[in-house]
């Protein structure tokens, strides 16, 4: 069930760190309704959304919410926050007629056609193949991806859910092989997410020889100041991301383009340009012409939810 034309809907992107919320009508956020909430400040998704709705004049009857976690049977598990979110429970607590839950990368994929030039930062130029699949890769507290398939005559593209961050980290040389062994001993597994999420960047700093504990933003700051362990970690991150993004693009045959989304993607983009991302991504003939862009709009997933909420 989705909302029809003119119906007011609650839409949002509930991330492990930040929730971006709005009211939407006719497929677009209502001006002045957009807000951000720190998820750590709330005990549950119900409490977070109730707190937001208390600040709004409108009374939505439905909701379309993107969640940073897998959605199955109307329920989502946010592993990086420890929240279980159920559509029926949200409907009951918030007094809504219906709640649609989807993965946050699905919402990012639904937003691609709504992104203007200012909301996209070109990273690698290329020649997208018309009507081919596209791919969104999310980099933040976690890592995931979602392919975007255009269906002729359909109102919306098909955006299947995946758990792309849970796949094994690609091994392409002696350094990445050593990293896989190190991650198995320190993180319990060597997945794409354990190396390329925010905590993954911090781990790469320690793998490169850094001592103590730095957060991902600290690594970026130290690298900008010339600290060699942080610089080495960022160079390794760029190469690993290039290989992982290439593998994901090949798996989904995303000849229509790749978009990197999320706070970490925006933060590391300048470093990707200076390091080995391009060489790693272009290593296969099929990825040689795929353009890569960074989603500059922090609330793009909210646009995707608003689009879905208005569809018949």
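Throughout, read-outs are computed from the coordinates displayed, never taken from laboratory work. Because the structure is a prediction, the values reported are computed rather than measured. Methodologically, a virtual Cβ is constructed for each residue, glycine included, from the backbone with ideal geometry; neighbour enumeration extends over all protein chains shown.
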Let me understand segment 208-312 better: what is its radius of gyration from the alpha carbons, and its Dmax, in angstrom? 16.2, 54
Using the basic label-point model (7 angstrom from Cα toward the beta carbon), what is the residue 50 to residue 151 distance in nanometres? 3.7
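Above 17 angstrom, tally the Cα pairs of segment 12-56 and express them as a % of all pairs, no decimals.
Numbers: 279 of 990 pairs.
Result for the distance tail: 28 percent.
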Once the principal axes of the Cα atoms of the chain are found, what is the range along each, listed largest first in whole angstroms? 56, 45, 34
Just to be sure I understand: if I project the alpha-carbon convex hull of segment 41-114 onto a plane and average over all orientations, what area do I get in nm²? 5.6
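So how do 298-308, 200-210, 134-144, 47-57 stack up, highest first, on mean other-Cβ count within 10 Å?
Per-residue mean Cβ counts within 10 Å order the peptides as 134-144, 298-308, 200-210, 47-57.
Given only helices, namely DSSP H runs of n ≥ 4 each adding -39500 (n - 2.57), what is the per-residue ellipticity at 222 nm of the chain, to the nearest 500 deg cm²/dmol? Each step should come with its number before you reach the end.
Numbers: 11 runs with 114 residues, N = 312.
That comes out to -11000 deg cm²/dmol.
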Given contacts defined as C-alpha pairs under 8 Å and at least six residues apart, what's the relative contact order of segment 155-312, whole-number percent? 19
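Normalised by the number of residues in the chain, what is the relative contact order in percent for Cα pairs under 8 Å and 6+ residues apart? Write out the running numbers ahead of the final one.
Details: 679 pairs, mean separation 76.0, N = 312.
After rounding, I find 24 percent.
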So what's segment 117-295 giving for Cα Rg divided by 2.2 N^0.38 Å, two decimals? 1.02
Using only Cα positions of segment 36-185, each an equal point scatterer, no hydration layer, compute I(q)/I(0) via Debye at q = 0.15, 0.18 Å⁻¹ and quote the log10 values to two decimals. -0.98, -1.22
